[in-house]
1. From the helices alone, meaning DSSP H stretches of at least four residues, give me the mean residue ellipticity at 222 nm for chain A, per-run term -39500 (n - 2.57), in deg cm²/dmol to the nearest 500.
2. State in Å² the accessible area per residue of chain A; use a 1.4 Å probe, count heavy atoms of protein chains only, and round to the nearest integer.
3. Per residue, how much accessible surface does chain B expose to a 1.4 Å probe? Answer in Å², no decimals.
4. Rank-order A:88-98, A:7-17 by packing density, defined as the average count of other C-beta atoms within 10 Å over each peptide's residues, highest first.
5. Could you sort B:MET155, A:MET74 by their accessible area in this structure, using a 1.4 Å probe and putting the largest first?
6. List the trypsin sites (Lys or Arg not before Pro) within the stretch A:191-247 that fall in a DSSP loop (any state other than H, G, I, E or B) and whose Cβ has at most 13 other Cβ atoms within 10 Å.
7. Which angle from 0 to 90°, rounded to the nearest 10, does the C-alpha axis of helix B:325-343 make with the longest principal axis of chain B?
8. Leaving ligands, DNA and RNA out of it, report the carbon-plus-sulfur percent of the accessible area of the stretch B:44-345 at a 1.4 Å probe.
Amino acid sequence: MLDQQPILEVEDVSKSFGGVQALKSGSFKLSRGEVIAIIGANGAGKSSLIKIVAGVYKPDKGHITIKDTVIDPMHHNVGYMRQMGIEVVYQDLAIVPNMTAPYNLFLGRIPRKFGIFVDERKMRKKTEEVLAELKVKTVQSLSRPISEMSGGQQQSIAIGRAIAWGKEIVILDEPTAALGPNETKEVERVVHEIKDRGTAVILISHNLEQVFRLADRILVVHHGITSKEFQKTEVTIDELVKAITLG
Amino acid sequence: MTIHEKTNEIKSQESGGLFQNLRNNGLSDPQTRTKMMERLRDNVPFIAITLVILLFWGISGDRFMSLRNWTFIAQQTPVLLLLAFALLLVVTTGSIDISVGSNLGFSAYMAALGMLWFGTMGFLVGIFAGVLIGILNGVIFSLFKISSFVTTLAMLIIVRAVLVIVSDGRSIYVSDQPMSNSNITSIEAKWLLDLGQFPHILYVSIAITFLLWVVYEKTIFGQQLKALGGNEKVLRLAGISVTWFKIQVFAAAGFMVGLASFINLARSGAATVQAGQMQELDAIAAVALGGTVLTGGHGSVLKTVVGALTLTIVANGLTIAGVPPSWSMIARGVLLIIAIAISLNRKQIDVVK
Ligand SMILES: Nc1ncnc2c1ncn2[C@@H]1O[C@H](COP(=O)(O)OP(=O)(O)OP(=O)(O)O)[C@@H](O)[C@H]1O
Ligand SMILES: [Mg+2]
C-alpha cells in the first residue's frame, strides 16, 4: 500500500520567462512509491513544472516542500535537490555524448582520488554494479564515448543514473519518446521496479496508454495551470483527452 | 552459418530489450571499414609529421637531418608548444582564445619588469600577468556571456595597446653580464638565458608537457573540459557550476601563456613590444594539426606536441630549402587546411559556420 505521508508538495508555483508565462499555477502532491503522470498539450507547462521540482528554475511564487521541509529559495538549485534524492532524466539532454558511460552515470558526482584525480576504478565498479542491478549482462566498451551506443542504450545509462541516486523521487520527461517498442517495455519494467522499492516517480508522457499502464494518478496541465487530477481507476482515455484540450 | 541462422541472429538482436542491447554486437563489414577510417583519422598527426620529415630530408638531405638543425628545432618549438597548450585547454571546451599572442608579449614584459624591480623571483609577476589576463577573458566571456571569439579578439587588441603604453615602445634586454650602457634597460640574468638554450629548454618543456598530460587525462578538471565541449546544457541541468568552471579554464590557459612568455623571454633574451604578434595563429594551427577538432569535446596533449613540432619543422624545412618567407606562409596555410580536412569526420557534421 502507498504511504500516505506526501514526500513532495508543490503549492501554487509559477514561472515566467520575460513576457512568457510558462507556468501560471502548479500544485500537486506525491507520496512514497507513487507514480504520478503529468499530461498536457505541447507547451502546456509540464517541463517547466518539473524543472522547478528539479531545482533548475526557482519559482516566481509559491513553494515546494520535500519531506516536511519547505525549500528555502536560497537552496532552490539542482545541487540541493539532487542531494535531497531527486533525479531527472531529460528527453533530449540526458547524456554528454562524447563522454563514457561511467562518466554519464556519475554526472556531477565524479568520485575523486586525492582531491583532484578521477577515481576511474570506483566509477567502473559502480557502473558495473548499477548495470547489473538493471539486469544488463555485459557492456564491452566502458571507455568509449557513449554516443557510440544506440539511443536506447544511452537512455538506459541516463535512467541508471536516476535510479542509482534518485532515492526519493525519479522524474522522467518523455523517457520513451525516442525509443522502439522493446526498449519502451524495458523502461516501463524499470519504472515498476523503482516504484516497488519505494521511490516516487513523476512521468511526463504523451502516450496515454503508457500513462494508464504506469501511473497511479494523472495530473493534467492546461495553459500553465494544473487544472485536473484523476485516480487512474476513475477515468477513461476519452475523459483525459478532453481534459488535455479543454482544461 | 546459413542465411536462415544469420537472419534469426539479427532478429534476436533486434528484439533484445533496452538493457540487453548493451551487449556490443560483432562488427559487420561496413562498421569495420568505419573503424579503420577512424583509426586512420586518429593517426593523422603522426602520419603528417612523418611525411613532412621525409619530405624535407629528401629535399635538403643532411642540412635538414643534422643534429645541429634538430637542436635548433628543439629550441624553436617550446614557446609555440606552450601557447598551443593554452589553446588546447580552451578549444577542448568548444571556445577559442585568440588573445594568447598579445598576452605572451604583455606577460613577458611584466616578467622583465618584475625582475627589474624585485630581482630573480620577479619573473613571477609575468606568470601572474598571464593568469590575470586569462581570468579577465573568462569573466567577460562567462559572466557577461560575450562569445569567446569576440572577448579574446578585443583582449588581443587591448592587451597589445596596454603593452605599448606600459613599455613606451622600449625593450628590456636580458644579459649575462652587468651592462654599463645606461641608454638601454637590461636585467642581468645568466640563468634565464641558459634556460632558453638546449638542452634546458627541452627538459622544461618535457616536464610541463607531462604535467599537462596528467591534468588533461587524469584529473576532474581535465575530464570536465571535455564534457563541457560535449554538451554544456546537460552539465547545467545536472547542477554543475559551468560559469565558474569556464573562468577557471581561461585562467589555466592564461597560466600556460605566462609560462610560454617566460620561456620566450629566456629564448629571445628580450621583452619587446612585438613579442608574440601573430603567434595566436600558429598556436591555433598547431592545435588543429594535433587533430583537435575546434568544436570541442576531444583533444590530446601528445598530438598537440606533434602538431606544434610539425609546424616548426615545416617552417624550418622551407627556410633551409630556400623558400622565400611569403611562399613558406602559403605552404603552411595549405598544410593546415589539408590536415583539418583529413581529420574531420564529415558524416557527423550537419552545419558548418
Ligand atoms: N527557458 C524558457 N524561456 C522562454 N520560454 C520558455 C522557456 N521554457 C519554456 N518556455 C515556454 O513556456 C511554455 C511552456 O513550456 P514547457 O516546456 O514547460 O511545455 P511542455 O508542456 O513541457 O511542452 P512539450 O510537451 O512540448 O514538452 C512554452 O510556451 C515555452 O515556449
Ligand atoms: Mg516538455
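The values are calculated or read from the model by the stated rules, or taken from the named source; none is laboratory data. Remember, predicted model here, so these are calculated numbers, not experimental data. Positions of Cβ are backbone-derived with ideal geometry, glycine not excepted, and every protein chain shown enters the neighbour counts. Each accessible area value is taken on the protein alone, full model and side chains, heavy atoms only, with ligands, DNA and RNA left out. Shrake-Rupley method; radii C 1.70, N 1.55, O 1.52, S 1.80 Å.
1. -10000 deg cm²/dmol
2. Per-residue value: 45 Å².
3. Result: 50 Å² per residue.
4. So the order, starting with the most tightly packed, is A:88-98, A:7-17.
5. The ordering from most to least exposed comes out as A:MET74, B:MET155.
6. Hits after loop and neighbour filter: A:ARG197.
7. In chain B, helix B:325-343 runs at an angle near 30 degrees to the longest axis.
8. Carbon and sulfur: 70 percent of the exposed surface of the stretch B:44-345.
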